[in-house]
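See below for the structure under consideration.
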Amino acid sequence: MVLHDEHSEFDGETGEITQKVETMFGDANYTVAFEDGQEQGVPEDNLEAAGED
């Protein structure tokens, strides 16, 4: 997955979803692991499928 969040140090980087958590409002938030760390609480709208090479 590619993260799109201008406030994240991982903006534009490709990572792997390691966890999905549903909020009390029924929305999904994800934990995405990158080569140099991870980002927690990422909303689905900030993720895009990575292209296959």
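General remarks:
- Sites listed here are chymotrypsin sites (Phe, Trp or Tyr not before Pro) in the chain whose DSSP assignment is loop and whose Cβ has at most 14 other Cβ atoms within 10 Å: Phe25.
- Set of region 28-49 residues, backbone N closer than 12 Å to the point 7 Å along the Cα-Cβ line of Ile17: 28-33, 42-49
- Over the chain, relative contact order from alpha-carbon pairs under 8 Å, at least 6 apart, %: 34
- Range in the chain, longest, excluding exposed GluC sites (Glu not before Pro) [loop by DSSP; at most 12 other beta-carbon atoms within 10 Å]: 10-34
- Computed from the Cβ-Cβ distance with R0 of 30 Å, the FRET efficiency linking Asp45 to Met24 stands at 0.95.
Just so you know, all these numbers are worked out from the coordinates, no wet-lab data involved. Everything quoted here is computed from the prediction, not taken from an experiment. Because the Cβ atoms are built from the backbone with ideal geometry, glycine has one as well, and the counts that use them run over all protein chains shown.
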